[in-house]
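Q: Structure provided below as structure tokens; questions to follow.
The values are calculated or read from the model by the stated rules, or taken from the named source; none is laboratory data. What you see is a predicted model; the values in this text were computed from it and never measured. Positions of Cβ are backbone-derived with ideal geometry, glycine not excepted, and every protein chain shown enters the neighbour counts.
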Amino acid sequence: MIIQFGVLFAFLAIGEFLVNLTGIAIPSSIIGMVLLCASLKLGIVKLGWVERLSGFLVHNLGFFFVPAGIGLMNCLGIIADQWIPIVFATVISTFIIIAVTGWVHQLVRSASSKLSHKYAKEAE
């Protein structure tokens with residue numbers, strides 16, 4: 001279990017180092033998890049090295065939202081005063097996210113289809 005913590009924290013530290021080095025505006029935890037995902041996909045990190053701890057963290061994911069929920073409860077006065085802009089922003093951003101996701105999916109699917117047709121013609 002300690003090795004699994006070490007692997008996860010190593011990727012978090014690498015992400016933090018890259019953010020400090022480059023100054024990019026992406027959270028270090030996201031960069032670390034993308035690097036971990038790539039390492040798992042490439043076989044650099046074996047799934048067994050992180051599987052138990054990752055399963056535990058995902059299984060208890062709801063627990064990690066408690067501080068955010070308490071923070072929201074502390075700001076109920078502000079939320080009550082600004083509920084119209086919050087709802088408006090939520091609805092608009094939801095539609096934008098759905099549209100962009102659909103557009104990206106269509107692009108990826110089109111590119112994938114073109115590649116598969118290209119390889120099928122080359123194989124003939």
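Q: Take the residues in the range 58-94 that are polar (S, T, N, Q) and not in a helix (DSSP H, G or I), then tell me which one is farthest from the chain's Cα centre (by Cα).
A: GLN82
Q: Suppose we keep only residues that are of a type in the set (Phe, Trp, Tyr) and over 17 Å from the mean Cα position of the chain (by Cα) within the range 1-31. Which one would you say is surrounded by the most Cβ atoms within 10 Å (Cβ to Cβ)?
A: PHE17
Q: Something else about it: State whether the residues of the range 95-107 include one that is assigned to a helix (DSSP H, G or I), more than 18 Å from the chain's Cα centre (by Cα) and in contact (Cβ under 8 Å) with a residue 12 or more places away in the chain.
A: Scanning the range 95-107, I find no residue that is assigned to a helix (DSSP H, G or I), more than 18 Å from the chain's Cα centre (by Cα) and in contact (Cβ under 8 Å) with a residue 12 or more places away in the chain, so the answer is no.
Q: How many residues does the range 45-71 contain that are surrounded by 11 or more Cβ atoms within 10 Å (Cβ to Cβ) and among the hydrophobic types (A, V, I, L, M, F, W, C)?
A: The number of residues fulfilling the criteria is 6.
Q: Return the residue satisfying two criteria in turn: it lies in the range 6-32 and is part of a helix (DSSP H, G or I) and of a type outside the set (A, V, I, L, M, F, W, C), and of such residues it is nearest to LEU53 (Cα to Cα). Write out each step before concluding.
A: The initial filter retains those residues of the range 6-32 that are part of a helix (DSSP H, G or I), namely 6-22, 28-32.
Cutting the leftovers down to of a type outside the set (A, V, I, L, M, F, W, C) gives us 6, 15-16, 20, 22, 28-29, 32.
Numbers: GLY6: 11, GLY15: 19, GLU16: 21, ASN20: 27, THR22: 30, SER28: 20, SER29: 16, GLY32: 16 Å.
Here the residue is GLY6.
Q: Looking at HIS117, is it surrounded by 10 or more Cβ atoms within 10 Å (Cβ to Cβ) and modelled with pLDDT under 95? Even if it seems obvious, please write down each step before you answer.
A: Numbers: surrounded by 10 or more Cβ atoms within 10 Å (Cβ to Cβ): yes; modelled with pLDDT under 95: yes.
Spelling it out, HIS117 is indeed surrounded by 10 or more Cβ atoms within 10 Å (Cβ to Cβ) and modelled with pLDDT under 95.
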